[in-house]
């Protein structure tokens, strides 16, 4: 965990490589004087690119649940008065936009990936590649650390989380190993969990670390990420003005499935029950902008973490 934000926040502006930044800016910045929301500020790469494209009357609201990201956003806001900053979740987007007095929101970005600084800081406990406390919370000041949940959950609950949020084939076997180990000693460190999961895997994937799916599953569960995606999408659609756009970057199939279904529902309209005595076609509330975009090979080569990114864009009906 970073202990001195004052020392790190200026350098942090350049720590993280934004993904598909040109595609995001081209899709969203359709009104140079409008209001915009970056609902997952991270380290601000997309926000800075949007500020460079927008005019002097534009405003951007930066939201993040990570206090370290908010500290970085506040530094950027001190340099550019068009930026407003609020600490919170994407599900709180409407309330935060109202508090920031944004009333003409033409574009909203939701970048659902974990930022490189979060992954690379062992103190956050998100990655298995460095040893640290098993925390995983996006906001370390709220919620339950991963270690607390892991050492208290039943075998059935562990199995469900690993299977549903990590798509882990050996979920039951790994859950049983965790329950047996914690009877002897609590599991508190990322390295301990990663080693335990690797030992419990009967046939490890040579192309992926054995703990990848389990760590993903625990992080999603601890941070309620999929519920946040659902609520955030509804909040974004309610907030953006007619003719405005929502751009969403996803990094795994679980969250992309939620985005795809929500966009399809708005773009095609909600079908009426077959037996209902009503004729006509469902009202279309939006349209899809282009096809889903992936990073090109050059971007993936420069930033391997971009390889699983997928960008979807929706425009609300005028």
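The values are calculated or read from the model by the stated rules, or taken from the named source; none is laboratory data. Since the model is a prediction, treat every value here as computed from it, not as a measurement. Every residue, glycine among them, receives a Cβ derived from its backbone with ideal geometry; neighbour counts consider all protein chains shown.
Return the pairs, sorted by first residue and then second, in which the second residue is part of a helix (DSSP H, G or I) and crowded, with 24+ Cβ neighbours inside 10 Å, the first residue lies in segment 40-51 and is outside the structural domain of residue 93 (by TED's automatic domain parsing) and touching a residue at least 12 places away in the same chain (Cβ under 8 Å), the beta carbons are less than 6 Å apart, and the residues are 6+ apart or on different chains.
none
Looking at 109, 96, can you tell me which residue is part of a strand (DSSP E or B), surrounded by 16 or more Cβ atoms within 10 Å (Cβ to Cβ), within 19 Å of the chain's Cα centre (by Cα) and in the same structural domain as residue 294 (by TED's automatic domain parsing)?
Going through 109, 96 in turn, the sole match is 109.
Residue 180 - would you say it is more than 30 Å from residue 316 (Cβ to Cβ), at pLDDT 95 or above and either in contact with a strand residue (DSSP E or B) (Cβ under 8 Å, 6 or more places away or on another chain) or in the same structural domain as residue 105 (by TED's automatic domain parsing) (or both)?
Judged against the criteria, residue 180 is not a match.
Just checking, how many residues over segment 300-318 are within 22 Å of residue 212 (Cβ to Cβ) and surrounded by 16 or more Cβ atoms within 10 Å (Cβ to Cβ)?
Qualifying residue count for the region: 7.
Out of curiosity, is residue 241 surrounded by fewer than 17 Cβ atoms within 10 Å (Cβ to Cβ), modelled with pLDDT of 95 or more and closer than 24 Å to residue 113 by Cα?
no
Condition check ((1) crowded, with 21+ Cβ neighbours inside 10 Å; (2) in a loop (DSSP other than H, G, I, E, B); (3) at pLDDT below 95) across all residues:
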site: 8; (1), (2), (3): no, no, yes
site: 15; (1), (2), (3): no, yes, yes
site: 26; (1), (2), (3): no, no, no
site: 36; (1), (2), (3): yes, no, no
site: 47; (1), (2), (3): yes, no, no
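Give the residues of segment 246-261 that are surrounded by fewer than 22 Cβ atoms within 10 Å (Cβ to Cβ) and touching a helix residue (DSSP H, G or I) at 6+ places or on another chain (Cβ under 8 Å), sorted by residue number.
Within segment 246-261, 252, 254, 258 qualify.
What are the residues in segment 193-209 that are free of Cβ contacts under 8 Å to residues at least 12 places away in the same chain and closer than 18 Å to residue 147 by Cβ, if any?
The one that is free of Cβ contacts under 8 Å to residues at least 12 places away in the same chain and closer than 18 Å to residue 147 by Cβ: 195.
Looking at segment 288-299, which of the residues that are out of contact with any helix residue (DSSP H, G or I) (no Cβ under 7 Å at 6 or more places or on another chain) and in contact (Cβ under 8 Å) with a residue 12 or more places away in the chain is surrounded by the most Cβ atoms within 10 Å (Cβ to Cβ)?
Here the residue is 294.
For residue 278, indicate whether it is outside any loop (DSSP other than H, G, I, E, B) and either at pLDDT 95 or above or over 25 Å from residue 226 (Cα atoms) (or both).
no
Run down 233, 249, 254 and say which single residue is outside any helix (DSSP H, G or I) and in the same structural domain as residue 290 (by TED's automatic domain parsing).
249
Among the residues of segment 45-56, which ones are touching a helix residue (DSSP H, G or I) at 6+ places or on another chain (Cβ under 9 Å) and more than 16 Å from residue 108 (Cβ to Cβ)?
45, 48, 52
Answer yes or no as to whether residue 112 is on the phi < 0 side of the Ramachandran plot and at pLDDT below 95.
For residue 112, the condition - on the phi < 0 side of the Ramachandran plot and at pLDDT below 95 - is met.
Would it be correct to say that residue 131 is in contact with a strand residue (DSSP E or B) (Cβ under 7 Å, 6 or more places away or on another chain) and farther than 15 Å from residue 218 by Cβ?
In short, yes.
Mind checking which residues of segment 65-79 are free of Cβ contacts under 8 Å to residues at least 40 places away in the same chain and under 19 Å from the mean Cα position of the chain (by Cα)?
Hits for segment 65-79 are 70, 73.
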